[in-house]
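Asker: Take this structure, written in structure tokens, and hold onto it; I'll ask about it next.
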Amino acid sequence: MRVTLERQNDAVHFVATTEGGGIVSIDGAPVIGGQQLGARPMELLLCGMGGCSSMDVVSILAKQREPITSMVVTVEAEREPDVVPSLFTRIHVHFAMAGPKSESNVARAVELSMSKYCSATRILEKSATVTWSHRLAGPTA
């Protein structure tokens, strides 16, 4: 796996290109010269965790023939204050979806992803307490 980052300005704005052709704009906090031109690196870690677990849940529910009509995943985190490096201390992932008929299938899919399959969660849980929840709604989550 490989990514390449190219500086875009005289501050801390970079564009990352992944081996698979994905492109991500990255910028720092204003305090270090960031200009809100992209995601911050620590935000991208949370995006990776949300993406990894979301793909797991979609795959597990597909195998159970539980179609998902909508899905929104929210990842919220807290970091150590006033320390460098400032690690995550708490991360909560909430899965809101519509479509599946079985509440227990959804609960099991989320549990399997977060406690067993998601590689990003496995990494981040080494420094943070990771929790999760889900909500199964009607036609729109």
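What follows is calculated from the coordinates using simple rules that are stated; it is not laboratory data. Note that the structure is predicted; figures quoted are calculated from it, not measured. Neighbour counts are summed over all protein chains in view; Cβ atoms, including those assigned to glycine, are modelled from backbone coordinates with ideal geometry.
Asker: Restricting to DSSP H runs of at least four residues, report the calculated mean residue ellipticity at 222 nm for the chain, -39500 (n - 2.57) per run over all residues, nearest 500 deg cm²/dmol.
Answerer: -9000 deg cm²/dmol
Asker: For the range 18-28, take each phi angle, set θ = phi - 60°, evaluate the Karplus expression 6.51 cos²θ - 1.76 cosθ + 1.60, and give the result in whole Hz per residue in order, putting x for glycine and proline.
Answerer: Along the range 18-28, the couplings run 8, 4, x, x, x, 10, 10, 8, 10, 9, x Hz.
Asker: Using a Gaussian network model of the chain whose springs link C-alpha atoms within less than 10 Å, name the residue from Pro85, Pro67, Pro100 with the highest mean-square fluctuation.
Answerer: Top of the fluctuation ranking is Pro85.
Asker: Now, a different point. Have a look at the DSSP beta bridges in the chain and tell me what percent are antiparallel, nearest 5.
Answerer: Around 65 percent antiparallel, to the nearest 5.
Asker: Towards the positive end of the charge dipole of the range 76-141, with charges on Cβ (+1 Lys, Arg; -1 Asp, Glu), say which of Ser104, Thr121, Val84 has the farthest Cα.
Answerer: The one lying farthest along the dipole's positive direction is Ser104.
Asker: Treating only the Cβ of Lys, Arg, Asp and Glu as charged (+1, +1, -1, -1), what charge dipole size does the chain show about its Cα centre? Round to the nearest 20 debye.
Answerer: Once rounded to the nearest 20, the dipole reads 520 debye.
Asker: Taking θ as phi - 60°, what are the ³J(HN,Hα) couplings along the range 81-89 by the Karplus curve (6.51, -1.76, 1.60), each to the nearest whole Hz, with x for Gly and Pro?
Answerer: My calculation for the range 81-89 gives x, 6, 9, 10, x, 9, 7, 5, 10 Hz in order.
Asker: Return the label of the correct value of Rg/Rh (Cα atoms, Kirkwood Rh), as calculated from the structure shown, out of (i) 0.93; (ii) 1.08; (iii) 1.03.
Answerer: Read-out from the structure maps to (iii).
Asker: Where does each of Cys52, Cys118, Cys47 land when they are ranked from fewest to most other beta-carbon atoms within 10 angstrom?
Answerer: Cys47, Cys52, Cys118
Asker: Obtain the nm distance between the two label points defined at Arg135 and Lys63 by a simple spin-label model: each point lies 7 Å from its Cα along the Cα-to-C-beta direction.
Answerer: Modelled inter-label distance: 2.8 nm.
Asker: Take peptides 3-13, 124-134 and line them up by average Cβ neighbours within 10 Å, highest first, as a rough protection proxy.
Answerer: Ranking the peptides 3-13, 124-134 by packing returns 124-134, 3-13.
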